[in-house]
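Let me begin by presenting the structure, written as C-alpha coordinates, before commenting on it.
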Amino acid sequence: MKNIKNYLEGLGVDKELVGVFGSLAEAVKKISVAVRTANTGKVGTTNSYGEEQVALDVLSNNLMIDELKKNARVGLIASEELPDEEKIGEGEYALAFDPLDGSSLVDVNFSVGTIVGLYKTKSFIGVKGDDQVASMIAVYGPRTTIFLTVKKGVAHFILNNEGEFILDKDNIQIGEGKYFAPGNLRACVNNPAYLELVNYWIKEKYTLRYSGGMVPDVNHILLKEKGVFAYPGHKDEIDGKLRLLFECAPMSLIMEQAGGASSDGKMRILEKALETLEQRTPIFIGSKSEVQRCCDMLK
Ligand code: AHG
Ligand code: MN
Ligand code: MN
(Lines give C-alpha, C1' and ligand atoms only; values in the text may rest on other atoms or scores of the structure.)
(Ligands and ions follow the chains in the order given, each with its own letter.)
Protein backbone atom coordinates (compact mmCIF):
# COMPACT_ATOMS: atom_id res chain seq x y z
CA MET A 1 0.00 0.00 0.00
CA LYS A 2 1.65 3.18 -1.21
CA ASN A 3 0.81 6.58 0.20
CA ILE A 4 1.52 9.95 -1.46
CA LYS A 5 5.01 10.17 0.05
CA ASN A 6 6.02 6.64 -1.09
CA TYR A 7 4.62 7.30 -4.55
CA LEU A 8 6.52 10.58 -4.97
CA GLU A 9 9.76 9.18 -3.56
CA GLY A 10 9.42 6.26 -5.97
CA LEU A 11 9.38 8.77 -8.81
CA GLY A 12 12.57 10.40 -7.51
CA VAL A 13 10.84 13.65 -6.53
CA ASP A 14 12.99 15.88 -4.28
CA LYS A 15 12.12 15.97 -0.59
CA GLU A 16 11.12 19.63 -0.69
CA LEU A 17 8.29 18.96 -3.15
CA VAL A 18 7.32 15.78 -1.27
CA GLY A 19 7.03 18.01 1.82
CA VAL A 20 4.82 20.52 0.03
CA PHE A 21 2.47 17.68 -0.96
CA GLY A 22 2.52 16.60 2.70
CA SER A 23 1.23 20.04 3.68
CA LEU A 24 -1.40 19.95 0.93
CA ALA A 25 -2.61 16.53 2.08
CA GLU A 26 -2.94 17.87 5.65
CA ALA A 27 -4.93 20.87 4.39
CA VAL A 28 -7.20 18.60 2.33
CA LYS A 29 -7.92 16.43 5.37
CA LYS A 30 -8.87 19.51 7.40
CA ILE A 31 -11.04 20.93 4.61
CA SER A 32 -12.76 17.55 4.25
CA VAL A 33 -13.70 17.63 7.95
CA ALA A 34 -14.96 21.19 7.52
CA VAL A 35 -17.04 20.24 4.47
CA ARG A 36 -18.63 17.42 6.47
CA THR A 37 -19.29 19.33 9.68
CA ALA A 38 -19.10 23.13 9.37
CA ASN A 39 -21.93 25.59 8.84
CA THR A 40 -23.00 25.59 5.16
CA GLY A 41 -24.50 29.11 5.19
CA LYS A 42 -23.47 32.36 3.54
CA VAL A 43 -21.30 34.83 5.43
CA GLY A 44 -22.51 38.02 3.79
CA THR A 45 -19.11 38.85 2.23
CA THR A 46 -18.09 38.75 -1.43
CA ASN A 47 -14.78 37.77 -3.02
CA SER A 48 -12.97 39.87 -5.62
CA TYR A 49 -15.30 38.51 -8.35
CA GLY A 50 -18.35 39.87 -6.52
CA GLU A 51 -19.42 36.29 -5.74
CA GLU A 52 -21.10 35.74 -2.38
CA GLN A 53 -18.81 33.75 -0.11
CA VAL A 54 -20.11 30.88 1.95
CA ALA A 55 -18.58 30.35 5.39
CA LEU A 56 -16.77 27.30 4.02
CA ASP A 57 -15.00 29.33 1.29
CA VAL A 58 -13.42 31.47 3.97
CA LEU A 59 -12.73 28.57 6.32
CA SER A 60 -11.16 26.38 3.59
CA ASN A 61 -8.99 29.28 2.48
CA ASN A 62 -7.78 29.81 6.06
CA LEU A 63 -7.13 26.09 6.60
CA MET A 64 -5.05 25.98 3.43
CA ILE A 65 -3.03 29.09 4.27
CA ASP A 66 -2.43 27.99 7.90
CA GLU A 67 -1.04 24.68 6.68
CA LEU A 68 1.14 26.28 3.97
CA LYS A 69 2.56 28.85 6.40
CA LYS A 70 4.03 25.98 8.42
CA ASN A 71 6.04 24.79 5.39
CA ALA A 72 9.36 26.62 4.90
CA ARG A 73 9.42 25.61 1.21
CA VAL A 74 6.39 27.75 0.39
CA GLY A 75 6.93 31.40 -0.52
CA LEU A 76 4.14 32.89 -2.60
CA ILE A 77 0.43 32.09 -2.65
CA ALA A 78 -2.58 33.24 -4.65
CA SER A 79 -6.14 32.17 -3.90
CA GLU A 80 -9.53 32.61 -5.52
CA GLU A 81 -10.60 33.99 -2.13
CA LEU A 82 -7.83 36.65 -1.85
CA PRO A 83 -7.61 39.90 -3.82
CA ASP A 84 -3.83 39.71 -4.46
CA GLU A 85 -0.96 37.29 -4.43
CA GLU A 86 0.79 37.19 -1.03
CA LYS A 87 4.24 36.32 0.16
CA ILE A 88 3.83 34.05 3.18
CA GLY A 89 7.40 32.78 3.48
CA GLU A 90 10.83 32.51 1.89
CA GLY A 91 10.40 29.14 0.13
CA GLU A 92 10.86 28.57 -3.60
CA TYR A 93 7.37 27.12 -4.21
CA ALA A 94 4.49 29.35 -5.30
CA LEU A 95 1.00 27.88 -4.97
CA ALA A 96 -2.18 29.11 -6.65
CA PHE A 97 -5.42 27.56 -5.42
CA ASP A 98 -9.18 27.47 -5.38
CA PRO A 99 -9.66 26.27 -1.79
CA LEU A 100 -13.28 25.21 -2.33
CA ASP A 101 -14.48 24.87 -5.89
CA GLY A 102 -18.22 24.47 -6.27
CA SER A 103 -19.03 26.02 -2.92
CA SER A 104 -22.56 26.89 -4.05
CA LEU A 105 -23.17 23.11 -4.06
CA VAL A 106 -22.21 22.65 -0.41
CA ASP A 107 -25.67 23.36 1.02
CA VAL A 108 -27.23 20.67 -1.19
CA ASN A 109 -24.56 18.12 -0.21
CA PHE A 110 -23.11 17.68 -3.71
CA SER A 111 -19.42 16.95 -4.19
CA VAL A 112 -16.97 19.85 -4.10
CA GLY A 113 -13.20 20.12 -4.42
CA THR A 114 -9.89 21.92 -4.01
CA ILE A 115 -7.63 22.79 -6.96
CA VAL A 116 -3.91 23.70 -6.67
CA GLY A 117 -1.22 24.66 -9.20
CA LEU A 118 2.41 24.59 -8.02
CA TYR A 119 5.03 26.86 -9.56
CA LYS A 120 8.49 28.21 -8.81
CA THR A 121 8.01 31.92 -9.44
CA LYS A 122 8.22 35.29 -7.71
CA SER A 123 4.90 36.41 -9.21
CA PHE A 124 2.04 34.64 -10.95
CA ILE A 125 1.61 37.43 -13.48
CA GLY A 126 3.04 36.26 -16.79
CA VAL A 127 3.18 32.56 -15.92
CA LYS A 128 1.71 29.88 -18.17
CA GLY A 129 0.10 26.63 -17.07
CA ASP A 130 3.07 24.88 -18.69
CA ASP A 131 5.28 26.53 -16.03
CA GLN A 132 3.62 24.46 -13.29
CA VAL A 133 5.94 21.94 -11.68
CA ALA A 134 2.98 19.96 -10.35
CA SER A 135 -0.74 20.22 -9.73
CA MET A 136 -3.40 18.63 -7.55
CA ILE A 137 -7.16 18.20 -7.35
CA ALA A 138 -8.94 17.03 -4.19
CA VAL A 139 -12.51 15.77 -4.31
CA TYR A 140 -14.82 15.85 -1.28
CA GLY A 141 -17.51 13.32 -2.15
CA PRO A 142 -18.61 10.25 -0.28
CA ARG A 143 -14.83 9.67 -0.21
CA THR A 144 -12.04 12.23 -0.01
CA THR A 145 -9.61 11.70 -2.88
CA ILE A 146 -6.59 13.36 -4.48
CA PHE A 147 -5.32 13.38 -8.06
CA LEU A 148 -1.82 14.69 -8.51
CA THR A 149 0.84 15.08 -11.13
CA VAL A 150 4.52 15.98 -10.91
CA LYS A 151 4.64 15.83 -14.73
CA LYS A 152 5.29 12.10 -14.64
CA GLY A 153 1.74 10.91 -15.26
CA VAL A 154 -1.27 11.14 -12.97
CA ALA A 155 -2.06 9.18 -9.81
CA HIS A 156 -5.24 8.91 -7.73
CA PHE A 157 -5.30 8.46 -3.95
CA ILE A 158 -8.15 7.69 -1.53
CA LEU A 159 -8.17 8.83 2.11
CA ASN A 160 -8.54 5.83 4.44
CA ASN A 161 -9.82 5.85 8.01
CA GLU A 162 -6.30 6.10 9.42
CA GLY A 163 -5.91 9.47 7.75
CA GLU A 164 -3.59 8.23 4.96
CA PHE A 165 -4.04 8.88 1.26
CA ILE A 166 -3.53 5.44 -0.31
CA LEU A 167 -2.65 4.99 -3.97
CA ASP A 168 -5.69 3.70 -5.84
CA LYS A 169 -4.57 4.03 -9.45
CA ASP A 170 -1.51 5.42 -11.20
CA ASN A 171 -0.76 6.02 -14.82
CA ILE A 172 -4.30 7.18 -15.60
CA GLN A 173 -4.75 7.14 -19.40
CA ILE A 174 -7.58 9.05 -21.04
CA GLY A 175 -9.00 7.29 -24.08
CA GLU A 176 -12.15 8.05 -26.06
CA GLY A 177 -15.79 7.61 -25.05
CA LYS A 178 -19.23 9.18 -25.14
CA TYR A 179 -19.66 11.04 -21.84
CA PHE A 180 -20.43 14.76 -21.85
CA ALA A 181 -20.53 17.45 -19.15
CA PRO A 182 -21.99 20.59 -20.76
CA GLY A 183 -21.30 23.60 -18.52
CA ASN A 184 -22.89 27.00 -19.13
CA LEU A 185 -25.84 25.78 -21.23
CA ARG A 186 -27.15 29.35 -20.87
CA ALA A 187 -24.55 30.22 -23.50
CA CYS A 188 -26.63 28.32 -26.10
CA VAL A 189 -29.01 31.31 -26.24
CA ASN A 190 -26.49 33.53 -27.99
CA ASN A 191 -23.86 31.01 -29.01
CA PRO A 192 -25.70 28.87 -31.62
CA ALA A 193 -22.59 26.80 -32.32
CA TYR A 194 -22.68 25.56 -28.72
CA LEU A 195 -26.34 24.59 -29.12
CA GLU A 196 -25.31 22.64 -32.21
CA LEU A 197 -22.55 20.87 -30.27
CA VAL A 198 -24.95 19.96 -27.46
CA ASN A 199 -27.42 18.65 -30.05
CA TYR A 200 -24.63 16.57 -31.58
CA TRP A 201 -23.91 14.97 -28.19
CA ILE A 202 -27.61 14.22 -27.67
CA LYS A 203 -28.18 12.82 -31.20
CA GLU A 204 -25.09 10.65 -30.93
CA LYS A 205 -26.42 9.20 -27.66
CA TYR A 206 -23.67 10.44 -25.36
CA THR A 207 -24.27 9.86 -21.64
CA LEU A 208 -24.76 13.04 -19.58
CA ARG A 209 -22.59 13.30 -16.47
CA TYR A 210 -22.89 16.82 -15.09
CA SER A 211 -22.82 17.73 -11.40
CA GLY A 212 -22.39 21.52 -11.54
CA GLY A 213 -18.93 21.30 -10.00
CA MET A 214 -15.93 21.29 -12.30
CA VAL A 215 -13.91 19.12 -9.89
CA PRO A 216 -16.36 16.18 -9.71
CA ASP A 217 -17.10 16.57 -13.43
CA VAL A 218 -13.41 16.36 -14.40
CA ASN A 219 -12.94 13.64 -11.76
CA HIS A 220 -15.53 11.59 -13.67
CA ILE A 221 -13.50 11.91 -16.87
CA LEU A 222 -10.25 10.99 -15.10
CA LEU A 223 -11.64 7.87 -13.43
CA LYS A 224 -13.74 6.62 -16.37
CA GLU A 225 -10.77 7.62 -18.56
CA LYS A 226 -13.01 9.22 -21.19
CA GLY A 227 -15.44 12.07 -21.83
CA VAL A 228 -15.47 15.84 -22.16
CA PHE A 229 -16.28 18.85 -19.96
CA ALA A 230 -17.13 22.14 -21.67
CA TYR A 231 -17.53 25.63 -20.27
CA PRO A 232 -17.68 28.05 -23.21
CA GLY A 233 -18.25 31.77 -23.20
CA HIS A 234 -20.83 33.65 -25.21
CA LYS A 235 -21.40 37.08 -26.69
CA ASP A 236 -21.81 38.97 -23.39
CA GLU A 237 -19.28 36.92 -21.47
CA ILE A 238 -16.63 35.98 -24.01
CA ASP A 239 -14.35 34.16 -21.57
CA GLY A 240 -17.04 32.34 -19.60
CA LYS A 241 -16.63 32.03 -15.85
CA LEU A 242 -13.82 29.66 -14.99
CA ARG A 243 -10.49 31.08 -13.89
CA LEU A 244 -7.25 30.31 -15.71
CA LEU A 245 -4.92 30.36 -12.69
CA PHE A 246 -7.08 28.80 -9.99
CA GLU A 247 -9.14 26.26 -11.92
CA CYS A 248 -8.25 25.70 -15.56
CA ALA A 249 -4.43 25.55 -15.54
CA PRO A 250 -4.06 22.95 -12.74
CA MET A 251 -6.89 20.81 -14.19
CA SER A 252 -5.36 21.05 -17.66
CA LEU A 253 -1.92 19.91 -16.46
CA ILE A 254 -3.51 16.82 -14.91
CA MET A 255 -5.61 16.14 -18.03
CA GLU A 256 -2.67 16.44 -20.43
CA GLN A 257 -0.46 14.35 -18.15
CA ALA A 258 -3.16 11.67 -18.33
CA GLY A 259 -3.05 11.75 -22.13
CA GLY A 260 -6.11 13.98 -22.55
CA ALA A 261 -6.38 17.50 -23.94
CA SER A 262 -7.49 20.94 -22.82
CA SER A 263 -8.16 23.98 -24.99
CA ASP A 264 -9.90 27.33 -24.88
CA GLY A 265 -11.19 26.59 -28.39
CA LYS A 266 -8.18 28.13 -30.10
CA MET A 267 -5.10 27.22 -28.09
CA ARG A 268 -3.95 24.87 -25.35
CA ILE A 269 -4.99 26.22 -21.94
CA LEU A 270 -1.44 25.53 -20.70
CA GLU A 271 0.03 27.97 -23.26
CA LYS A 272 -2.05 30.92 -22.10
CA ALA A 273 0.00 33.56 -20.25
CA LEU A 274 -1.63 35.02 -17.15
CA GLU A 275 -2.35 38.75 -17.47
CA THR A 276 -4.40 39.19 -14.30
CA LEU A 277 -4.94 36.87 -11.34
CA GLU A 278 -8.69 36.77 -11.98
CA GLN A 279 -8.37 36.08 -15.74
CA ARG A 280 -11.10 33.81 -17.08
CA THR A 281 -11.08 31.43 -20.02
CA PRO A 282 -13.45 29.20 -21.94
CA ILE A 283 -12.41 25.57 -21.53
CA PHE A 284 -12.91 22.23 -23.29
CA ILE A 285 -11.16 19.43 -21.43
CA GLY A 286 -11.08 15.64 -21.66
CA SER A 287 -10.59 13.04 -24.41
CA LYS A 288 -8.40 14.35 -27.23
CA SER A 289 -10.83 13.88 -30.12
CA GLU A 290 -13.75 15.26 -28.09
CA VAL A 291 -11.78 18.42 -27.27
CA GLN A 292 -10.85 18.68 -30.95
CA ARG A 293 -14.55 18.39 -31.89
CA CYS A 294 -15.40 21.27 -29.52
CA CYS A 295 -12.69 23.42 -31.11
CA ASP A 296 -13.84 22.56 -34.65
CA MET A 297 -17.53 23.17 -33.99
CA LEU A 298 -17.12 26.35 -31.95
CA LYS A 299 -14.59 28.20 -34.12
P1 AHG B 1 -16.68 28.42 -7.44
O2 AHG B 1 -15.25 28.18 -7.07
O3 AHG B 1 -16.99 29.88 -7.52
O4 AHG B 1 -17.63 27.66 -6.56
O5 AHG B 1 -16.85 27.90 -8.97
C6 AHG B 1 -17.59 26.77 -9.34
C7 AHG B 1 -17.49 26.63 -10.82
C8 AHG B 1 -17.25 25.22 -11.33
O9 AHG B 1 -16.96 24.26 -10.39
C10 AHG B 1 -18.51 24.87 -12.08
O11 AHG B 1 -18.21 24.08 -13.20
C12 AHG B 1 -19.06 26.20 -12.45
O13 AHG B 1 -18.68 27.07 -11.43
C14 AHG B 1 -20.57 26.15 -12.60
O15 AHG B 1 -21.05 27.43 -12.72
P16 AHG B 1 -22.54 27.76 -13.21
O17 AHG B 1 -23.45 26.79 -12.52
O18 AHG B 1 -22.71 29.16 -12.83
O19 AHG B 1 -22.55 27.57 -14.70
MN1 MN C 1 -13.94 27.64 -8.36
MN1 MN D 1 -13.99 28.59 -4.95
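Each DSSP beta bridge with both residues in segment 49-126 is either parallel or antiparallel, and the antiparallel ones are about 60%. Between residue 166 and residue 82, what FRET efficiency follows from the Cβ-Cβ distance if R0 is 45 Å, with the result rounded to 0.05? That pair, residue 166 with residue 82, gives E of 0.90. Its alpha carbons considered, segment 179-297 gives a radius of gyration followed by a Dmax of 13.0, 40 Å. Per residue, the solvent-accessible area of segment 1-78 (1.4 Å probe, heavy atoms of protein chains only, all protein chains present) comes to 48 Å². Charge tally for residue 140 (other residues, Cβ to Cβ under 12 Å; Lys, Arg +1; Asp, Glu -1): +3. Relative contact order, percent, of the chain when contacts are C-alpha pairs under 8 Å separated by at least 6 residues? Taking the mean separation of contacting Cα pairs over the length of the chain, I get 16 percent.
What would the Debye formula give as log10 I(q)/I(0) at q = 0.11, 0.18 Å⁻¹ for the alpha-carbon point model of segment 73-220, no solvent? Cα-only, vacuum Debye calculation for segment 73-220: -0.56, -1.23. Taking 91, 113, 259 in turn, the Gaussian network model of the chain (Cα-Cα springs below 10 Å) assigns the largest fluctuation to 91. Over what distance in Å are the Cα centres of segment 206-279 and segment 123-137 separated? Value for the Cα centre distance between the two parts: 15 Å. Listed by number, the DSSP H helices of the chain that run 30 Å or longer by alpha-carbon position along their axis and have mean Kyte hydropathy of at least 0.0 are 15-37. Helical content of the chain, expressed as a calculated mean residue ellipticity at 222 nm, amounts to -9000 deg cm²/dmol (DSSP H runs of 4 or more residues, -39,500 (n - 2.57) each, divided by residue number, nearest 500). The share of accessible area on the chain that comes from carbon and sulfur is 49 percent, using a 1.4 angstrom probe. Cross-link reach is defined here as a Cα-Cα straight distance under 18 Å, omitting same-chain residues fewer than 8 places apart; for residue 30 the aspartates and glutamates meeting it are 57, 66, 67, 81, 98, 101, 162, 164. Measure up 169/224; 2/152; 70/120; 178/288; 203/241; 70/152 against 21 Å on the Cα-Cα distance and list the ones that go over. From the list (169/224; 2/152; 70/120; 178/288; 203/241; 70/152), the Cα-Cα distance tops 21 Å for 203/241; 70/152.
For segment 17-58, the normalised intensity computed at q = 0.26, 0.27 Å⁻¹ comes to -0.83, -0.85 (log10 of I(q)/I(0), Debye sum over alpha carbons, equal scatterers, no solvent).
You can think of it this way: the chain between residue 152 and residue 238 has 27.6 nm of extra reach, that is 0.36 nm per residue less the Cα-Cα gap. Each distinct pair of alpha carbons in segment 4-169 adds a 1/r term; the inverse of their mean, the Kirkwood radius, is 16.2 Å. Reducing segment 146-204 and segment 44-90 to their Cα centroids gives an inter-centroid distance of 26 Å.
Along its principal axes, segment 253-299 has C-alpha extents of 30, 25, 13 angstrom, given from the largest down.
State log₁₀ I(q)/I(0) for the chain at q = 0.08, 0.13, 0.14 Å⁻¹ as given by the Debye formula over alpha-carbon point scatterers of equal weight, solvent excluded. Evaluating at q = 0.08, 0.13, 0.14 Å⁻¹ gives log10 I(q)/I(0) of -0.31, -0.86, -1.01.
The values are calculated or read from the model by the stated rules, or taken from the named source; none is laboratory data. This one's a predicted model, so the numbers in the text were calculated from it and none came from an experiment. All Cβ positions, glycine included, derive from the backbone under ideal geometry; neighbour counts span all protein chains shown. We work out accessible area using only protein heavy atoms, side chains counted, and drop any ligands, DNA or RNA first. Shrake-Rupley method; radii C 1.70, N 1.55, O 1.52, S 1.80 Å.
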